[in-house]
Amino acid sequence: MTEKRTPMVAGNWKMNGDRSLVESFTNALNDKAFDRMDVIVCPPSVYLSMFNAEHFQIGAQDVSHLDNGAHTGDISTEMLKELGARYVIVGHSERREDHNETNLLVAKKVARVIESGLIPIICVGEALSVREAGEEKLFIGEQVAALFSEVTADQLKQSVIAYEPVWAIGTGKTASPEQAQDIHRFIRHVLSEHDADLADGIRILYGGSVKANNAQALFSQPDIDGGLIGGASLNTKDFIAICQAAI
Ligand code: PGA
């Protein structure tokens, strides 16, 4: 990993957790000093304000691309900021699939998040059928390129990208460090066609069945700057071990 990119590990609780998990994470993470890295916990939005985060930061799992108004059930960036969120996951494959989020909607959300001063963690990644057809780079290239319809390369510079192959999410089947590195490098290549500094400076996380026992091998790849963690982010011991593998 390039010296100038600070390692990051973000936990995505998905629709899991409760008040007592908020408490145990607050205590366990505040107890640690995570120097030289960013640790983020992304619980369901209703729990954001219950964290008293000192040595870590909190993020949301989704947000509306709109400012406010008659949009029942949606949550705005300003609301997330009031609750203490600093990051927002955007375009997770489960949102793309369950809620028909398109590349264009994801790009609009990214634009709104950046405009609000929050930091998007932008998820991309191919389904198994796409990989089996050998079209993963074409697919991911399109997902990344679509961002530029709504934001400039300059605006994207503070953002984070997460490469999450859909076939590795929650399946226990991780991409090999080489497979992940290959796609991370490719994403930097796509970005470099817009701006070389963006390609070099942006943090790209790997997500998909990252566990304490495979994190180190993944995070030590030159273009992998940390991880987006699902299942293993629900257990304080596992999550902390994964964070430590990123330093
Ligand atoms: P997983 O989920 O670690 O449970 O595979 C990763 C994610 O969906 O962010």
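The values are calculated or read from the model by the stated rules, or taken from the named source; none is laboratory data. Given the structure is predicted, the values throughout are model-derived calculations rather than measurements. Glycine gets a Cβ as well: all are built from the backbone with ideal geometry, and neighbour counts include every protein chain shown. These area figures cover heavy atoms from the full protein model, side chains too; ligands, DNA and RNA do not enter into them. Shrake-Rupley method; radii C 1.70, N 1.55, O 1.52, S 1.80 Å.
Per DSSP helix of 4 or more residues, -39500 (n - 2.57); summed, then divided by the residues of the chain. What does that give at 222 nm, rounded to the nearest 500? Mind showing how you got there, number by number?
On the way: 11 runs with 95 residues, N = 247.
Using -39500 (n - 2.57) per qualifying helix, the result is -10500 deg cm²/dmol.
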(request) Please turn the phi angles of segment 43-60 into ³J(HN,Hα) values with the Karplus equation 6.51 cos²θ - 1.76 cosθ + 1.60 (θ = phi - 60°), one per residue in order, whole Hz, x for glycine and proline. (result) x, x, 4, 4, 9, 3, 6, 8, 7, 10, 7, 10, 9, 8, 10, 10, x, 9
(request) Summarise the accessible area of segment 8-246 (1.4 Å probe, protein heavy atoms) by the percent that is carbon and sulfur. (result) 47 percent
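How much accessible area per residue does the chain have, in Å², with a 1.4 Å probe? Kindly include the intermediate steps, with their values, before the conclusion.
Numbers: 11060 Å² over 247 residues.
In whole numbers, the chain has 45 Å² accessible per residue.
When each pair of different Cα atoms in segment 11-146 is counted once in the 1/r mean, what is the Kirkwood radius in angstroms, to one decimal? Show your work: numbers first, answer last.
On the way: mean 1/r = 0.0622 Å⁻¹.
When all Cα pairs of segment 11-146 are included, the Kirkwood radius is 16.1 Å.
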(request) Work out the charge dipole of segment 1-141 with +1 on the Cβ of Lys and Arg and -1 on the Cβ of Asp and Glu about the Cα centre, then indicate which of Asn68, Ala127, Ile140 is farthest towards its positive end. (result) Ile140
(message) Using each residue's phi in segment 137-151, evaluate 6.51 cos²θ - 1.76 cosθ + 1.60 at θ = phi - 60° and report the 3J(HN,Hα) Karplus result to the nearest Hz, with x for Gly and Pro.
(response) 6, 4, 5, 5, x, 5, 4, 6, 4, 4, 4, 6, 6, 10, 9
(request) Could you estimate the translational diffusion coefficient of the chain from the Stokes-Einstein equation, with Rh from the Kirkwood formula over C-alpha pairs, at 37 °C and 0.692 mPa s, in whole µm²/s? (result) 184 µm²/s
(message) List the residues, sorted by chain then number, that are 5 or more residues from Gly230 or on another chain and whose placed amide H is less than 5 Å from its amide H.
(response) Asn12, Gly208, Ser209, Val210
(request) Give me the net charge of Glu97's neighbourhood, meaning all other residues with Cβ under 15 Å from the Cβ of Glu97; Lys, Arg count +1, Asp, Glu -1. (result) -3
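Is there a quick way to get the dipole size of the chain? I mean about its Cα centre, with the Cβ of Lys and Arg at +1 and of Asp and Glu at -1; what is the value in debye to the nearest 20?
Using only the charged Cβ atoms, the result is roughly 440 debye.
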(request) Find the lysine pairs in the chain meeting two conditions, Cα atoms under 17 Å apart and a separation of 8 or more places or different chains, and report how many there are. (result) 8
(message) Which of Gln158, Gln179, Gln216 ends up with the largest GNM mean-square fluctuation for the chain, with Cα atoms connected below 10 Å?
(response) Gln179
(request) Would you mind calculating the gained length between Lys157 and Ser220 on full extension (0.36 nm times residue separation, minus the Cα-Cα distance), in nm to one decimal? (result) 20.4 nm
(message) Can you compute 3J(HN,Hα) from phi for each residue in segment 120-131, using the Karplus curve 6.51 cos²θ - 1.76 cosθ + 1.60 with θ = phi - 60°, rounded to whole Hz and x for Gly and Pro?
(response) x, 9, 8, 8, 9, x, 9, 6, 4, 4, 5, 5
